Each structure stands twice: as structure tokens, then as C-alpha cells.
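Trainee: First the structure, which I've put down as C-alpha cells, then a few questions once you've had a look.
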Amino acid sequence: MRYKKIGDTEVPAIGQGTGGVYNSAIIRAGIDAGLSLIDTAESYGNEGIVGEAIKGQRDKVFLSTKFLPEHNGYDDVIKACEGSLKRLGTDYIDLYSVYYRNPNIPEEETAKAFDMLIQAGKIKSVGICNTYRPMIANIQTQAVQTEFNLLDRSAESKLLPFCSEFNIAVLAYSPLRDYHFLNPDSMMWLREMAGDRTLPQIILSWLISHVPVIALTSSSKVNHIKRNAQAGDFQLSEGELRRIDELFKPEVVRIPLTQIDITLSADKFPQTKEAAMDCGRWAVKPQDIDLKDFKPIKVERCAYDDTSRFPSETYEIKEGGLRYWAWRIQKNEPIPAIVKHRWIQDFRGIGG
């Protein structure tokens, strides 16, 4: 297994994300396979299960957990940390992170709470998630958690270079996401490269070849966990890394808002500006979102074009409805987006 650093601590370059994992035996199997970095969050509802998994082997694991944005105030951060410590059954947390920025609470309060928790020995290092700005008030974080995979490479433009320069780890979640939206011609070449290795192993090895990146994998199948862990045992050649970069180029485009039909996702997202401005996720409303920290939305080309309402090709939002409204309310200009193409292909036998 290759190792990297979070702060001054060495950790495996591939760790365990536990969102949706409610079986302590699965987490223990990951630890046995070498995935001793375990990432959870109070919102996952499984900190107690993680606590069961690490019982009797706390010194073997690096434990990461996160608190929700409504807790960004000083007293609430302290209280949230105490709750996580109790559920996890531990005296300290190795990495304690903000899940999302809350623009309604001064970051100085969060920074002050972090300082107190570090001084008390309750946390070892601090992090922030879902951001391109790895600073909290006057605190430089030791880790940033963001989505990073072959489809969504938006972190490469600014975040990864910054983190490399300042020795900040990047914890990449959903590293194996969205196979079915990758170009089949490129995937055929990747299959040829894989040989006796699995496609997830190749992708994970490519991800952790980026200096600051640690990949957070997740699976409910022990054989997949073991295979994913083995991706840390080999390195791709410079030629292979260069070829993957060329085949899966990052594509963030700007799409006019007039070409996005949000009514196709009526069951998931607000349908009017008024409804959106009253809709808050974890106490953060679209009009409050800082667009300097904007992550592209994900869209898919519609199977039809409604020329009576849309002047040209039409797109449906697949992910990022509140971000769409934040952009529409605050800027009302073409929005950064990643287009999920409909490819016809067969992914049997991929593993994951």
C-alpha cells in the first residue's frame, strides 16, 4: 500500500468511505485489507457502527468524521464534536471536518472551536469538504474532501495545485462513480490496459498518482474491498497516466440557463425562484451560496427538444439543483456544467 500524509500522520493512499455502510464487519474487513483510514460523518447515521468496527484497534486506524453546516457556530461545533466522540467510542478524532460552509455564520467562530478542540486533544487535525477554498478564517486545513473521478475532474484546475503546494491532502469521494457516462471508445482502451487488474484498480491508481489525492472507496462486498485496496500496491507507468489524461479530458462547459429544463426533475428540485429561495439544505439557502466556491452542476442531454419552449438543444439537471438556483438567482448567465452523455455500452465484470 502506498502512503500519504494528512498533517504529520502517514495514512494509506486508499481509505474507506462509509456513507451508506451499516455493517461493522464490512468496515473491519477493510481495515484488515489495509484501508485503515476510515471516513464517516454525523449525517451518515453510522458513527456508532464505525465505533463498533474499531473497538479494540483504535490505534490502528485514522478516523475522520464531519459535522453539518448548522453547527458552524462555536458552541454547536463543540457540542457536535462531543456527540461524535461518544458515538465513535473514542477520546479523539484524527481529522474533524466541516461538511459544507455556512455563509450565515462567521468562520472565525468555527476556527475558534477548532483551536479549542485541538488544545483539548479531542481532534488532531481539521478539514473542510465540498469546497475549492481550503481555508477556514485564519486556519489552513490539513485536508479537503471533494468529488474527484474520471467524469468529474473539476478539482484539477485550481484545488489540486493549491493543495500540492501547501501540503494539504485531498480526500476524493466517489472515485469510481459514473462508469456508464464515460466514452466507450476510451473505456475499451482502459480495459486493454487493465490486463489482469480490474478497471477500479486502474482508476484508483490513476487518482492517487496525483500528489495530494487519497481515494475514499466504498463497497458492501468484501472481495471488492480487497481488490480496491490492492490498487495501492502498484503504480501506473508515466505513459499509462498520460494516456488516461488524454482519453478522459475534463469537460466543464457553460450552458445557457434557457437550455435547461428543470421541470424534468420536478420530484427532486424546486420549480420556481420563489420556492428555491425558501429551500435550504442544512440551513444554507441558494441565495446564500458563495459562487466563488461553485461546483459545476451535472446535466444530461434530453432525448427530445421542445422547440416551443427552448430555442435549441435541451438539458436536464441530474445533480446540483440548489446550485443551479444559486447561479440563476445571483448571476443569471450561462452556468458551468458537466454533461453526462448517454453512451450504449456493456460494463459487466467491472467490479467496484
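Trainee: Only one residue in Y3, Y74 is hydroxyl-bearing (S, T, Y), at negative phi and modelled with pLDDT of 95 or more, so which one is that?
Mentor: Y3
Trainee: Residues of the range 23-39 being surrounded by fewer than 24 Cβ atoms within 10 Å (Cβ to Cβ), in contact with a helix residue (DSSP H, G or I) (Cβ under 8 Å, 6 or more places away or on another chain) and not aliphatic (A, V, I, L, M), which ones?
Mentor: Once the filter is applied, which keeps residues that are surrounded by fewer than 24 Cβ atoms within 10 Å (Cβ to Cβ), in contact with a helix residue (DSSP H, G or I) (Cβ under 8 Å, 6 or more places away or on another chain) and not aliphatic (A, V, I, L, M), the range 23-39 yields N23, S24, R28, G34, S36.
The rows are residues; the columns are (1) surrounded by fewer than 19 Cβ atoms within 10 Å (Cβ to Cβ); (2) under 17 Å from R153 (Cβ atoms).
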position: S209; (1), (2): yes, yes
position: I214; (1), (2): no, yes
position: S219; (1), (2): no, no
position: H224; (1), (2): yes, no
position: N228; (1), (2): no, no
position: G232; (1), (2): no, no
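Trainee: Test L241 against the criterion of being at pLDDT 95 or above, open to solvent by less than 50 Å² (accessible area, probe 1.4 Å) and more than 18 Å from P12 (Cα to Cα), and give yes or no.
Mentor: It is true that L241 is at pLDDT 95 or above, open to solvent by less than 50 Å² (accessible area, probe 1.4 Å) and more than 18 Å from P12 (Cα to Cα).
Trainee: Considering only the range 288-302, state which residues are open to solvent by less than 60 Å² (accessible area, probe 1.4 Å) and touching a Phe, Trp or Tyr at 6+ places or on another chain (Cβ under 8 Å).
Mentor: Within the range 288-302, L291, D293, F294, K295, I297, V299, E300, C302 qualify.
Trainee: Do you know which residues across the range 151-160 are open to solvent by 10 Å² or more (accessible area, probe 1.4 Å) and under 21 Å from E319 (Cα atoms)?
Mentor: L151, R153, S154, E156, S157, listed by residue number.
Trainee: Something else now. Contact list please: Cβ distance under 9 Å, first residue in the range 200-229 and basic (K, R), second residue open to solvent by 60 Å² or more (accessible area, probe 1.4 Å) and not in a helix (DSSP H, G or I), pairs at least six apart or on different chains.
Mentor: R227/R197
Trainee: Given the options E251, E316, E333, E274, name the one that is acidic (D, E), surrounded by 13 or more Cβ atoms within 10 Å (Cβ to Cβ) and either more than 30 Å from M187 (Cβ to Cβ) or modelled with pLDDT of 90 or more (or both).
Mentor: E316
Trainee: While we're on this one: Return the residues of the range 67-102 that are outside any helix (DSSP H, G or I) and more than 20 Å from the chain's Cα centre (by Cα); say none if nothing qualifies.
Mentor: Within the range 67-102, G73, G89, T90, D91, Y92 meet the criteria.
Trainee: Here's something else I'd like to know. Enumerate the pairs (first residue in the range 73-95 and open to solvent by less than 10 Å² (accessible area, probe 1.4 Å); second residue anywhere and of a type in the set (K, R)) with beta-carbon separation below 8 Å, excluding pairs fewer than 6 apart on the same chain, so at least 6 apart or on different chains.
Mentor: Every condition considered, the pairs that remain are C81/K122; I93/K122; I93/K124; L95/K124.
Trainee: Next up: Check whether at least one residue in the range 32-46 is of a type in the set (V, I, T) and assigned to a helix (DSSP H, G or I), and report yes or no.
Mentor: No, the conditions are met nowhere in the range 32-46.
Trainee: Which of the residues spanning the range 186-199 are in contact (Cβ under 8 Å) with a residue 12 or more places away in the chain and either assigned to a helix (DSSP H, G or I) or open to solvent by 70 Å² or more (accessible area, probe 1.4 Å) (or both)?
Mentor: Matches in the range 186-199: S186, M187, W189, L190, M193, L199.
Trainee: Based on this model, can you work out whether I105 counts as closer than 26 Å to E147 by Cα and either at pLDDT 95 or above or not in a helix (DSSP H, G or I) (or both)?
Mentor: Here the answer is yes, as I105 does meet what is asked.
Trainee: Out of all the residues in the range 126-144, which are open to solvent by less than 10 Å² (accessible area, probe 1.4 Å) and part of a strand (DSSP E or B)?
Mentor: The answer is V126, G127, I128, C129, I136, A143, V144.
Trainee: Here's another thing I want to ask about it. Where residues in the range 161-179 are open to solvent by 10 Å² or more (accessible area, probe 1.4 Å) and among the hydrophobic types (A, V, I, L, M, F, W, C), which of them is farthest from the chain's Cα centre (by Cα)?
Mentor: Step by step, filter the range 161-179, then rank; the result is F166.
The values are calculated or read from the model by the stated rules, or taken from the named source; none is laboratory data. Here the structure is a predicted model, which means the values were calculated and not measured. Note that we place each Cβ from the backbone using ideal geometry, even for glycine, and neighbour counts take in every protein chain shown. Side chains included, ligands, DNA and RNA excluded: accessible areas come from the protein's heavy atoms. Shrake-Rupley method; radii C 1.70, N 1.55, O 1.52, S 1.80 Å.
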